Amino acid sequence: MVTKEQIIDGLAKYLDAEVMNKINDKSFKIVLTMALVSMKKNPKILDDLLHNEILSQVVNEQNGQYDLDNLFSVLQEVITKYGDFPLTIPPVKFISPNEKVLRFSMDDVSKLKSYINGGVA
């Protein structure tokens, strides 16, 4: 069980350590950093994602804590079956005018889980 703050902190550490150095587009790095800083300043932003109709079916919440094990298990099963998971980021007007695609592998899922649980990958 983890808090929203632990999820945001782990996501930030994962992005800093594992993703940012693979992105060449400075504008896109700025957009990702803006999103993270916004979530750190206002963790309620994460609520929309955690209470999404689909995600809420695999993320159990109890007393402000979230059990992400089922989500990570589902992601691992999907990646095993279909390969890397692409995440498409739409263009951001005036900042990052082109769509970006980030690809996540089984290794990424394991690392993200480790960062969220307070460890290091």
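Miscellaneous remarks
- For the range 51-95, taking the residues that are touching a strand residue (DSSP E or B) at 6+ places or on another chain (Cβ under 7 Å) and of a type in the set (D, E, K, R), the one that is nearest to Val31 (Cα to Cα) is identified as Asp84.
- Number of positions in the range 24-42 that are in contact with a strand residue (DSSP E or B) (Cβ under 8 Å, 6 or more places away or on another chain) and outside any helix (DSSP H, G or I): 1
- Of the criteria (1) more than 22 Å from Pro90 (Cβ to Cβ); (2) surrounded by fewer than 15 Cβ atoms within 10 Å (Cβ to Cβ); (3) at pLDDT 85 or above; (4) not basic (Lys, Arg), which one Val37 fails: (1)
- Among residues of the range 84-115, those that are surrounded by fewer than 11 Cβ atoms within 10 Å (Cβ to Cβ), within 18 Å of the chain's Cα centre (by Cα) and not polar (S, T, N, Q), counted: 5
- Checked against the criterion of being surrounded by 12 or more Cβ atoms within 10 Å (Cβ to Cβ), free of Cβ contacts under 8 Å to residues at least 60 places away in the same chain and in contact with a Lys or Arg (Cβ under 8 Å, 6 or more places away or on another chain), the range 67-83 has at least one qualifying residue.
- Near pairs, Cβ below 9 angstrom, 6+ apart or cross-chain, from the range 1-24 (touching a residue at least 40 places away in the same chain (Cβ under 8 Å) and of a type in the set (Phe, Trp, Tyr)) to any residue that is part of a helix (DSSP H, G or I) and surrounded by fewer than 17 Cβ atoms within 10 Å (Cβ to Cβ): Tyr14/Ser114
- In the condition set (1) exposed (fewer than 11 other Cβ atoms within 10 Å of the Cβ); (2) of a type in the set (Asp, Glu); (3) at pLDDT 90 or above, Glu53 is compliant with all but (3).
- A Cβ distance below 8 Å, combined with a sequence gap of six or more or placement on separate chains, defines the contacts here; from the range 27-54, residues that are within 24 Å of Asn98 (Cβ to Cβ) reach residues that are surrounded by fewer than 12 Cβ atoms within 10 Å (Cβ to Cβ) in the pairs Ser27/Ile95; Ile30/Ile95; Val31/Ile95.
- Qualifying residue in the range 58-69 (condition: modelled with pLDDT under 90, farther than 16 Å from Lys113 by Cα and under 12 Å from the mean Cα position of the chain (by Cα)): no
The values are calculated or read from the model by the stated rules, or taken from the named source; none is laboratory data. From a predicted model like this one, the values you see are computed outputs, not experimental measurements. Here the Cβ is made from the backbone with ideal geometry for all residues, glycine too, and neighbour counts use every protein chain on show.
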